[in-house]
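All remarks here apply to the structure that follows.
The numbers here are math on the coordinates, done by the rules we state, and not lab data. On a predicted model such as this, the values are computed, not experimentally measured, just so you know. Glycine gets a Cβ as well: all are built from the backbone with ideal geometry, and neighbour counts include every protein chain shown.
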Amino acid sequence: MRIVIVFLIALLSKTMYAQDFNYEEDKVGTYELPELLITLNGKKVKNKADWENMRREEVIGLFQEHIYGKVPTDFDRIEFHVIQEDPSAMNGDAYLKEINISVFRNNASVSIHLILFTPNHKKNAVPAFLLINNRSVRNTSPSRDTISDFWPAEKIIQAGYAIASFQVNDAAPDNKGTFQNGMLHLYPELLDKDDGIKAIGAWAWAASRVMDYFEKDDAINAEKIALIGHSRGGKAALWAAAEDARFGICIANNSGNTGAALSRRNFGETVQRINTKFPHWFNDNYKKYNNKESLLPVDQHMLIALIAPRPVYITSASEDLWADPKGMFLALKNAEPVYELYDRKSTVPEKHPKPNRPIYRSPLGYHIREGEHNLTEYDWTQFIKFVDFHF
C-alpha cells in the first residue's frame, strides 16, 4: 500500500509540474524580438564594419551585464603539465595525453584536467573537438573502460580529428552552494557584483584556458577547434564562443533556455524556472527578468549572431519540449542577418524541418532528431559532417 501511495504522489507531482509550463504552440502568444541591426542610439547597421565597430560590442556588453557576466581574462600565469600519456591508446589508433592546466592569480590557483586523444594515422597538426562535459567523468574515461555515446572518442579519432574534454566541476561545481569553489576563488571580487559571472561563465573561462593549451600543442591545429556542449554545457559553449573568437566552430546540443532557445517564447523552461532551480548559473541581474522576459534588452538570436562569421550548429530533439526545439530553430534563423553581412548565406529552411533531416552545408547548421534530451552518436555523426564541410 505504501508503495502505491508513493507512486501516486510522484505521478501527481509530475502532472502538476507539467501543468506549470506550456507545451502547446498555440499558447506561445505574440512577442517582439530586440532589433539585431539597430544600435542603442538608433543607427542602422549596414555592413560588417558597422557590426564590428558599433553594434557587436553593444550586444556582448548587454549579455555580460544582464545575463552571463564578463569572463575575466587576467591571471598571473598559466602552466601545462602532462601527468599521463599513452602513445598507443585505443589499440594503437590514438595518442592519449592527460594534462593539468593550472592557472595562478593573487597567490591562488585552480587546475583544469584535460583529456586529449589525437589520431596516430595523422602526421600533421589536426583539428579538434572539445567537449564541455557536464556529466560524470566516466563518460570521458581516458582508459576507455567505459564507452559512451555521449563522447564517442573512437569515432572522432577514426574521422581524423583530435577529441578532448574537461569536466565542468573543475572550473565551478554545478551546485548552488559550492559553485564558487572553483575558478571563482581566483576572482572573489566577482561574487559581490550583480553582473559577475557564475558557473556558466566559469565553464566558458575554462574552455578558453584549454584553448590556451591548444595553442602550445604542436599536434593540434588551434585555428580549427570545434567547441561542443550539451544542455547546460551548450549554454556555456555558446557564451564561450561569443566571448572568445579563437573557437572556430560552436556546437550547442539541446541547449534550451538561455542557450539557443528564444527567451521570449512562452514554451518549456522559462527564465524564472532556470533562475530559481539553478541560481548559480547566471549573474544576479538576470533574476530581474523572472516572468519579465519582454524587458530583456537581448534575446538568444543575438547570442548566436555574436559568433558570426564562424559556423554554428544547433540541435534539438523531438521529445525534448522542455528545451523548446522550435525556439532554438527560430533563434538560429533570426541570427542570419549578421551572417549575411559577411556574405555567409545560410541554407536553413524557412520552416522547422522534420526530425533526422540535418542541415550542415551552411554556416548556420541545425538538426532535430527523434528522441529525448541527450547527446547521442547520431548527433556526433552530424557534427563530423558539419566540421568536415567547414574545416
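The table below gives the values:
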| item | result |
| --- | --- |
| Filter on 235/292; 122/351; 292/351; 27/287; 46/198 - keep pairs with C-alpha separation over 30 Å | 122/351; 46/198 |
| Exposure proxy order (Cβ contacts within 10 Å, fewest to most) of 83, 101, 163 | 83, 101, 163 |
| Extreme residue, positive dipole direction of the range 40-390, given options 137, 227, 286 (C-beta unit charges) | 286 |
| Gain upon complete extension [residue 347, residue 389; 0.36 nm per residue less C-alpha separation] | 13.8 nm |
| Footprinting exposure proxy for 302, 328 (fewest neighbouring C-beta atoms within 10 Å first) | 302, 328 |
| Contact order normalised by residue count of the range 40-390, Cα under 8 Å, 6+ apart, percent | 16 |
| Förster radius 35 Å - calculated FRET efficiency between residue 77 and residue 175 (Cβ-Cβ, nearest 0.05) | 0.75 |
| About the Cα centre, charge dipole magnitude for the range 299-391 (Lys/Arg +1, Asp/Glu -1 at Cβ), debye | 360 |
| Dipole of the range 42-117, positive direction: furthest Cα of 104, 115, 90, with charges on the beta-carbon | 104 |
| Charge dipole (debye, nearest 20) of the chain; +1 at Cβ of Lys and Arg, -1 at Cβ of Asp and Glu | 560 |
| Pairwise label distance in nanometres, residue 340 with residue 295, each label 7 Å out on the Cα-Cβ vector | 3.3 |
| Reciprocal of mean inverse Cα separation for the chain (Kirkwood radius, Å) | 21.5 |
| Sum of -39500 (n - 2.57) over DSSP H runs of 4+, divided by residues of the chain (222 nm, nearest 500) | -8000 deg cm²/dmol |
| Rounded FRET efficiency, nearest 0.05, which uses the C-beta distance separating residue 149 from residue 20 and R0 of 30 Å | 0.45 |
| Packing-based exposure ordering (other Cβ within 10 Å, fewest first) of 90, 183 | 90, 183 |
| Spatial separation of Cα centroids for the range 337-391 and the range 263-282, in angstrom | 25 |
| Spin-label model distance (nm) - residue 93 vs residue 62, 7 Å beyond Cα toward Cβ | 4.6 |
| The range 179-267 shape via C-alpha gyration tensor axes, a/c threshold 1.5 | oblate |
